[in-house]
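These notes are about the structure you will find just below.
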Amino acid sequence: MNSIASVPSNLIVLGFRALSDPLRLQVLELLRQEELCVCDLCDRLETAQSKLSFHLKVLKEAELVRPRQEGRWVYYSLNLPQLVALEQYLSDYRRLSPMLPARSCDSQS
């Protein structure tokens, strides 16, 4: 399993940045079910291919999806090891961070 040290920090940053957009989250949700081509993603998300291409580029740069060329079509699937790496990062961060006592938000004058 990946640890914080084995995943380049730029991939962690790119991964969380990629996850910050609702449309990209919808793409990942669709890819949880099956591998899909761009045309199917466009249809299901009711979005233009030009807009979707930008978001797929962000997901590819973050290595959250894998493209596969078949003829003139490009099919996308989840890159599960990278998703596991992000999950592990958060898990390790929480597990390895010192626990601080809860602070009260009330002002004490």
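The values are calculated or read from the model by the stated rules, or taken from the named source; none is laboratory data. As the structure is a prediction and not an experimental result, all values here were calculated from the model. Methodologically, a virtual Cβ is constructed for each residue, glycine included, from the backbone with ideal geometry; neighbour enumeration extends over all protein chains shown.
Between residues in the stretch 46-57 that are touching a residue at least 24 places away in the same chain (Cβ under 8 Å) and residues that are surrounded by 11 or more Cβ atoms within 10 Å (Cβ to Cβ) and of a type in the set (Ser, Thr, Tyr), which pairs lie under 7 Å by C-beta distance while being six or more apart or on different chains?
Hits for this filter: 56/76.
All but one of (1) under 18 Å from the mean Cα position of the chain (by Cα); (2) more than 14 Å from residue 25 (Cα to Cα); (3) at pLDDT 95 or above hold for residue 43, so report the exception by its number.
Single failed check for residue 43: (1).
Among the candidates 83, 23, 90, single out the residue that is touching a Gly at 6+ places or on another chain (Cβ under 9 Å) and in a helix (DSSP H, G or I).
Just one listed residue meets the conditions, 83.
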